[in-house]
């Protein structure tokens, strides 16, 4: 399930999610009453939603009786399924900056944001090999809606693929986002990164070639192994 939910559900899955959104934690019995279905049906829906990481549960113990389970939405469900004003806010801010300072102002603002982001992710990447850093960078972009993975090529380099652009609408208007993206990946990985494919250029993906040449982590690892 990937579409954002409105006020009117189209099926039981969506109705269950909307009830949890409106009421917070609920038991199977609560959901049965609201949905008008059996406990077995509710548990089947909950199990599927838990597998999608949209619903989680906690155990509630009441006296000597059997514990009960209360279900709630995960952070992932809230971010994936319910509309957010963040994109609209971002667009409003970029438009205000552009009106005042043009494309240079937009580039300055996005560069400042990118430098802040690189510092924020520094600890997450510290002490890792290049492959591990590539994996973490892919995880970071996927966490932010870019559906990112990578492949290793025979010469030891890597290619990072983004199968979805979470800022496509903004990128059409502010190409600075596309200019800065490979620079951010370079900052995070510490090696040369070159864009090979571009969705705004009618490619199916955005693809980045990550050069393993000049990676100091592999040299340091080899030196450590020789000294051991």
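Quick check on residue 147: is it surrounded by fewer than 19 Cβ atoms within 10 Å (Cβ to Cβ), modelled with pLDDT of 90 or more and under 24 Å from residue 113 (Cα atoms)?
no
Restricting attention to segment 13-24, does a residue exist that is out of contact with any helix residue (DSSP H, G or I) (no Cβ under 7 Å at 6 or more places or on another chain), part of a helix (DSSP H, G or I) and loosely packed, with under 14 Cβ neighbours inside 10 Å?
yes
For the list (1) under 28 Å from residue 142 (Cα atoms); (2) modelled with pLDDT under 95, I need the number of the one condition that residue 23 fails.
Of the numbered conditions (1) under 28 Å from residue 142 (Cα atoms); (2) modelled with pLDDT under 95, the odd one out for residue 23 is (1).
Filter segment 31-70 down to the residues that are under 17 Å from residue 19 (Cβ atoms), assigned to a helix (DSSP H, G or I) and free of Cβ contacts under 8 Å to residues at least 12 places away in the same chain and list them by number.
Answer for segment 31-70, where residues must be under 17 Å from residue 19 (Cβ atoms), assigned to a helix (DSSP H, G or I) and free of Cβ contacts under 8 Å to residues at least 12 places away in the same chain: 32, 33, 39, 44, 47, 50.
Determine, yes or no, whether residue 10 is crowded, with 16+ Cβ neighbours inside 10 Å and over 14 Å from residue 71 (Cβ atoms).
No.
From the list 112, 89, which residue is out of contact with any helix residue (DSSP H, G or I) (no Cβ under 6 Å at 6 or more places or on another chain), under 30 Å from residue 23 (Cβ atoms), without any contact (Cβ under 8 Å) to a residue 40 or more places away in the chain and assigned to a helix (DSSP H, G or I)?
The conditions single out 89.
The values are calculated or read from the model by the stated rules, or taken from the named source; none is laboratory data. Please read all numbers here as calculations on a predicted model, not as lab measurements. Positions of Cβ are backbone-derived with ideal geometry, glycine not excepted, and every protein chain shown enters the neighbour counts.
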